[in-house]
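K.L.:
Encoded as structure tokens, here's the structure I'll be asking about.
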Amino acid sequence: MKQIVTLAMLVLFSISLTNAQITKTKKDPAGDWKFEAPYAPEGYTTGNITIGLAEKKYTVTISMPGSDYKIKSENVRFENDSLKFSVYVEDENVVVKMKVEDAAKMTGAASTSEGVIPLTAAKQTE
């Protein structure tokens, strides 16, 4: 009887460990982020990305320092800790792909007709 109880407890413990490993914490990109793209054209090397979540859909708005103009994104998708969206900048469609590394950091790139521009973003604390 003692062996059966021990075996049952061992099985339950194994199942809980397996579930803990399978359950992956989803990284939520919603919030305000400061981005840096040092190789981008002048005026676009730094700025803010605001990511919202409403009705299970993400929205992205970009703003540059010294300007009240906000660039709204299109085709926003967030899957497997990766955020993808497109924005029109100076009549050009720019596709941005970012990976949420952790609660405070994203890395990625913006694809333009001039090439790929690496960028990083840090979450702003309140």
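K.L.:
Condition first: outside any strand (DSSP E or B) and open to solvent by less than 50 Å² (accessible area, probe 1.4 Å). Now tell me which residues in the stretch 69-126 satisfy that.
P.N.:
73, 81, listed by residue number.
K.L.:
I want to confirm something. Restricting to the stretch 40-63 and keeping residues that are out of contact with any Lys or Arg (no Cβ under 9 Å at 6 or more places or on another chain) and under 21 Å from residue 114 (Cβ atoms), which single residue is surrounded by the fewest Cβ atoms within 10 Å (Cβ to Cβ)?
P.N.:
42
K.L.:
Of the numbered conditions (1) of a type in the set (D, E, K, R); (2) in a strand (DSSP E or B); (3) without any contact (Cβ under 8 Å) to a residue 40 or more places away in the chain, residue 42 satisfies every one except a single condition; which is it?
P.N.:
Status for residue 42: all satisfied but (2).
The values are calculated or read from the model by the stated rules, or taken from the named source; none is laboratory data. Everything numeric in this text was worked out from a predicted model, so none of it was measured. Because the Cβ atoms are built from the backbone with ideal geometry, glycine has one as well, and the counts that use them run over all protein chains shown. Note: accessible area is taken over every heavy atom of the protein model, side chains too, but ligands, DNA and RNA are not part of it. Shrake-Rupley method; radii C 1.70, N 1.55, O 1.52, S 1.80 Å.
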